[in-house]
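The values are calculated or read from the model by the stated rules, or taken from the named source; none is laboratory data. Remember, it's a predicted structure, so these values are computed and weren't measured experimentally. When we count neighbours, we look across all protein chains shown, and the Cβ atoms used for this are built from the backbone with ideal geometry, even at glycine.
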There are 2 protein chains.
Amino acid sequence: MAGGASRQGAENRTSRAVRADAQRNMDALLQAAATVFAASGVNAPMRQIAAEAGVGVGTLYRHFPQRSDLIVTIMRREIDVCAEAARVLSSEHAPAEALARWMQRYVDLVSTKRGLAAALHSGDPAYEPLPVYFEKRLKPELRVLLDNAVASGEIRADIEVDDLVIAVPSLCMSAQGEEGLARARRMVALLTDGLRRSAP
Amino acid sequence: MAGGASRQGAENRTSRAVRADAQRNMDALLQAAATVFAASGVNAPMRQIAAEAGVGVGTLYRHFPQRSDLIVTIMRREIDVCAEAARVLSSEHAPAEALARWMQRYVDLVSTKRGLAAALHSGDPAYEPLPVYFEKRLKPELRVLLDNAVASGEIRADIEVDDLVIAVPSLCMSAQGEEGLARARRMVALLTDGLRRSAP
DNA sequence: ACCTGAACACCGTTCAAGT
DNA sequence: ACCTGAACACCGTTCAAGT
């Protein structure tokens, strides 16, 4: 809930300091940016994002002075959604199945969003917070999924969380286009299957 | 000597088919692109490159319809120069010293040229020939340097060429700015020192 | 045969005018 | 307090006119 791009949270003095229309615009902007980034990549025209949100370009620049501000915000959200998916999957599926499904969800995060990989090791200091957040937010969720699956006796007990966190992006590195993505999915599925115990 | 971007080497039927001014322009363009890329990165304005070469933009586009065509051509040249440097260093220095100096030259190639790293694993099919060329051209030269140094008894005999080829780009991955470059240099120097035999 | 550069389309960014 | 969008600067790309 910390105030996006602004370092001093001036708008935090009271909740009502944020005008209703400003909040609506902010939401529309984030929604639009997510859609446009997914469709056209993170270098999509700012005008297109503003139009998709039904907002003037000036408003976009007011909220996100730098393109990287918008990208970082969106990517944090994507990471959040992926992290939350772990909880949902946990509540809806048996432990091993929840783990398997989340691994595919993790593939989505890394390979569908063209911006993440680029931002993660672009070296541009503007993206510095992303890798940290990526690790901090995702690893704990995976650990829970893994612990549950191990506790249920469905999968092996000798798996390191770090290995899985690293393995997925590695397998997705070469994932170019539809075919590459499909291959990455198969590799991750194979890997996940390998986690299951041979002897129950 | 194969004709750059053009697949059919129409200009190869006779050497005289290339007009003298066209050749001069081509040379000027390559020279200018190398300078501008080094100074401003591979996304520098096309106009700036044309101006630096003292040529109209149309001429630039005639020779290199896509920006990637220009980048690939320049990068191949940079790789060539780096490969040739191995011969020169070999003839001017003792084997181990030649190897050590070339390793630093290799650092230059990977980290100074902002375009190479980006192009090497951008996934854009336009850059597809680069990684292959990179490997094919550099590895044999390094092998010779290494063999010479081993034969002279100055360094250990159990070093894999592949390991060194990979190690340098890896160490340069995190090299951002002056300070990062300096660190990468120290790491590579350290590594190179490690190659020397403890007992003569 | 090759070159030039004006011309067009498009994008980033700002800021005076509005509400 | 916030929003709009015309306006400006700049860049990619083409192509009619030149030599």
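Table for the structure above
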| read-out | value |
| --- | --- |
| Members of the stretch B:55-75 found to be within 9 Å of DNA strand D (Cβ to nearest atom), under 23 Å from the mean Cα position of the chain (by Cα) and of a type outside the set (A, V, I, L, M, F, W, C), listed by number | B:P65, B:Q66, B:R67 |
| Residues satisfying the stated conditions in the stretch A:13-47, i.e. part of a loop (DSSP other than H, G, I, E, B) and either more than 9 Å from DNA strand D (Cβ to nearest atom) or in contact (Cβ under 8 Å) with a residue 60 or more places away in the chain (or both) | A:R13, A:T14, A:G41, A:V42, A:N43, A:A44, A:P45 |
| Selection within the stretch A:50-59 - in a loop (DSSP other than H, G, I, E, B) and within 14 Å of DNA strand C (Cβ to nearest atom) | A:V55, A:G56 |
| Count of residues meeting criterion [part of a helix (DSSP H, G or I), more than 14 Å from every other protein chain (Cβ to nearest Cβ) and more than 17 Å from A:A98 (Cβ to Cβ)] in the stretch A:146-171 | 5 |
| Set B:S111, B:S91: member being away from DNA strand D (no atom under 16 Å from the Cβ) and within 14 Å of chain A (Cβ to nearest Cβ) | B:S111 |
| Candidate set from the stretch B:172-200 (those that are more than 14 Å from chain A (Cβ to nearest Cβ) and at pLDDT below 80); member that is surrounded by the fewest Cβ atoms within 10 Å (Cβ to Cβ) | B:A199 |
| When residues of the stretch A:23-49 are limited to those that are surrounded by fewer than 14 Cβ atoms within 10 Å (Cβ to Cβ) and small (G, A, S), the one nearest to DNA strand C (Cβ to nearest atom) | A:S40 |
| Contacts under 8 angstrom Cβ, first residue in the stretch A:48-66 being assigned by TED's automatic domain parsing to the domain that holds A:R19, partner within 7 Å of DNA strand C (Cβ to nearest atom), 6 or more apart | A:A50/A:V57; A:V57/A:M46; A:V57/A:R47; A:L60/A:M46; A:Y61/A:M46 |
